[in-house]
Structure formats: C-alpha cells, structure tokens
Amino acid sequence: MESVHTIDWVDGSIEIIDQTALPSAERRIRLSTVDELVDAIVRLAVRGAPALGVAGALGVALAARRYPADQEALADAVQRIATARPTAVNLARGVRRAAERLPDGPDAVLAEALALHAEEVAASKAMAVRGAELIGELCAVPAPRVLTHCNTGGLATVTGGTALGVIAELHRRGRLGGVVASETRPLLQGARLTAWELGRLGIPYRIAVDGAGPFLMARGEVDAVVLGADRVCANGDVVNKVGTYAHALGAARAGIPFVVVAPESTVDSSTPTGADVEIEDRDAAEVLSFGGTDVAPGGAAAANPAFDVTPADLVTAIVTDHRIITPH
C-alpha cells in the first residue's frame with residue numbers, strides 16, 4: 001500500500017500532481033510563478049483543504065523569491081493566492097502563516113512553508129490511527145462497510161489523507177468490509193480520484209452515484225459514513241463538498257455513524273457557524289457540460305455550489321490529528 005505524494009518543493013518551484021488529468025494520466029507539473037499556482041488552484045489541478053494550505057504557503061515562498069524588493073507586487077501576489085478559492089480555510093491560513101515570515105526574508109518563508117508540509121504529513125498519520133480506532137468502537141461489526149464522498153486521500157493532503165487515510169488504515173488492519181465511493185458530481189472527484197487512489201492502495205471498492213448513498217444506507221449496505229471537511233466551524237458545523245449534507249441526512253435516518261476526518265488546520269474557531277462561510281459557486285459549464293460535450297439544452301441555467309453545510313447535530317464525531325470532537 002503506497003499513498004500518492006501530491007505536492008513538493010523542487011528546485012525553486014512547486015511540483016504537483018495535475019489532478020485534472022487523472023485517472024487517464026498521472027502527470028506531474030511544475031509551478032514556477034504565482035500566476036501558474038493561482039491557475040492550478042482555480043482549475044482544481046491542486047485541491048483538498050490540507051493540500052491547499054501547503055500550496056498557499058509554498059506560493060508565498062514563490063512570491064518572496066520573485067518580488068524581493070517590490071513590496072506592492074509581493075502584497076498583491078499574496079492576496080491573489082489567499083483568495084483563489086474562498087471556502088476552504090486552509091488556503092488563506094497557510095498563506096497567512098508563511099506571510100508572517102516575510103520580514104525575515106525568502107529563506108525563512110520557505111522554511112515555514114516546508115514546516116507546514118511536514119506537519120500535514122504527520123497529521124495524516126495521526127488521523128489514520130485515531131480514526132480507525134474510533135470507527136472500530138462505533139460500529140458493531142468487526143469489518144465495517146464505509147461510504148465516503150469526494151476525495152480525501154493523498155491527493156487532498158500531502159500524502160496519506162484524512163478520511164481515506166482512515167479507510168486505508170482499516171484495510172491495513174484487516175478491519176474493512178468494503179468501500180462505496182460516491183461519484184461526486186459535477187467533477188467526479190470520487191469516481192476519478194478516490195477510485196484511482198483506492199485502486200493504487202489495493203482496496204476493493206464500488207462507485208455509486210451521489211443520490212444512491214442514502215438508499216444504500218437504508219438498505220443496510222453501509223455501516224458508517226467517513227469523509228473529510230474543508231472547514232469545521234466553531235459550533236461543529238461542517239463545510240464540505242456539495243452532497244455531504246444529503247449523506248449526513250441518510251446516515252441519521254439509518255442510525256449509522258457520520259464521522260468527519262480533518263486536521264486541526266481545518267478547524268476554524270473564528271467562524272461561528274456554517275451560515276457565516278462564503279460558499280464558492282463555480283462555473284455553470286461544470287454542470288451543463290462534461291468532457292467538452294453539452295449535456296443540457298442550449299441556454300439552460302445551472303446552480304453549482306461547490307460545497308454545502310452539514311449541521312453539527314448530524315455529525316457523530318470529528319477526528320483531527322490531536323483529538324476527537326463530539327459536536328452534540
């Protein structure tokens with residue numbers, strides 16, 4: 001079992017796996033400018049809350065090297081990175097952390113970004129163990145069947161993952177009864193990315209359309225829902241990929257655990273509730289077409305929120321690298 005390694009600092013540039021190319025091609029690309037990084041974030045070549053935090057911090061290191069004597073250009077670059085995507089807290093947080101070292105020079109900024117990189121690797125390992133032990137406690141069966149949504153593996157972090165790291169740890173222990181990966185419309189991060197990572201890890205899985213999840217739970221085919229988060233609010237509300245809320249409702253109705261796995265860097269005590277989070281609305285073309293082919297009549301409009309909010313009272317537990325939070 002080998003987790004993918006998503007983002008690194010290589011010879012003065014950021015190197016990432018281009019997630020838009022998966023699963024057809026595994027392609028690593030170098031990002032040598034702030035413009036290239038912002039474009040990669042916006043088009044989801046790099047995505048996932050922890051990975052975005054690391055990308056943001058490394059982006060500040062890029063900017064510090066590119067604009068060592070131009071404070072106005074540097075400030076503009078830092079702002080553009082921080083606001084490339086508004087919902088996940090890690091991006092802006094990673095940018096702020098690295099930017100605090102700007103007065104100490106480019107080397108100090110890079111050192112801070114690489115420290116965050118190392119911390120996210122350690123966080124994934126800690127969450128995998130803590131989460132696997134919790135799922136074992138919450139589920140009566142010795143090998144739970146889990147449903148997961150979107151992508152929460154090494155592609156969403158640095159390596160290892162959040163929820164998918166827990167699933168991999170259950171598999172390693174011989175305590176995993178099966179995985180259902182929801183396809184995750186409209187960009188299919190579950191079908192494209194999670195399935196690719198599960199296959200790489202040698203973990204058997206089934207892909208289900210998003211709307212099938214609650215019915216599979218009702219039919220007794222799922223013992224727990226395990227997924228990640230892009231922001232955990234102070235009251236325990238969870239902001240995650242759109243479709244999460246429906247899975248939470250299905251889990252509540254079926255009486256099965258709904259467990260969120262996210263590092264402490266995703267817990268945002270400064271945001272009171274999910275109602276206070278700016279939810280990113282993306283291009284309608286993501287819904288109205290796929291792979292360059294229109295799937296709706298010409299002139300059709302689309303609603304395309306990238307995230308939704310799951311109220312705290314639907315969350316059984318939140319597993320971080322430091323603790324287990326029980327919102328209710």
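Derivation of every value follows stated rules applied to the coordinates shown; laboratory data play no part. Note that the coordinates shown come from a computational prediction; the quantities given were computed from them, not determined experimentally. Cβ sites come from the backbone with ideal geometry, for glycine too, and all protein chains shown count toward neighbours.
How charged is the neighbourhood of Ala317? Take every other residue with its Cβ under 12 Å from the Cβ of Ala317, and add Lys/Arg as +1 and Asp/Glu as -1. Within the 12 Å Cβ shell, the charges total 0.
Computed over the range 147-205, the percent of Cα pairs more than 19 Å apart is 17. Highest average first, the peptides 138-151, 270-283 ordered by how many other beta carbon atoms sit within 10 Å of their residues are 138-151, 270-283. Rounded to the nearest 500, the 222 nm mean residue ellipticity of the chain from helices alone is -11500 deg cm²/dmol, with -39,500 (n - 2.57) taken per DSSP H run of at least 4 residues. Among beta bridges identified by DSSP and lying wholly in the chain, the antiparallel ones come to about 55 percent.
Between helix 163-172 and the chain there is an angle of about 60 degrees, using the helix long axis and the longest principal axis of the Cα atoms. Building the convex hull from the alpha-carbon atoms of the range 127-325 and averaging its projection over directions returns 11.2 nm². Within the shell of other residues whose beta carbon sits under 15 angstrom from the beta carbon of Val89, the net charge comes to -1, with Lys and Arg scored +1 and Asp and Glu -1. Projecting the Cα atoms of Ala82, Gly250, Pro272 onto the charge dipole of the chain, computed from C-beta unit charges around the Cα centre, puts Gly250 farthest toward the positive end.
Roughly how far apart, in whole Å, are the Cα centres of the range 61-135 and the range 156-175? Answer, in whole Å: 24.
Rounded to the nearest Å, what's the spacing between the alpha carbon centres of the range 188-226 and the range 13-32? Just the number, please. With the range 188-226 and the range 13-32 each reduced to a Cα centre, they are spaced 24 Å. When each of the peptides 221-233, 237-249 is scored by the mean number of other C-beta atoms lying within 10 Å of its residues, the order from highest to lowest reads 221-233, 237-249. The three principal axes of the C-alpha atoms in the range 7-119 carry coordinate ranges of 43, 30, 27 Å, sorted with the longest axis first.
Report, to the nearest 10°, how far helix 244-254 tilts away from the longest principal axis of the Cα atoms in the chain, using its own Cα long axis and a range of 0 to 90°. Relative to the chain, helix 244-254 is tipped by roughly 20 degrees. Once the Cα atoms are used to define both axes, helix 89-99 deviates from the longest principal axis of the chain by about 30 degrees. Here's the picture: charge each Lys and Arg Cβ at +1 and each Asp and Glu Cβ at -1 in the chain, and of Ser24, Ala99, Gly53 the one pushed furthest to the positive end of that dipole is Ser24.
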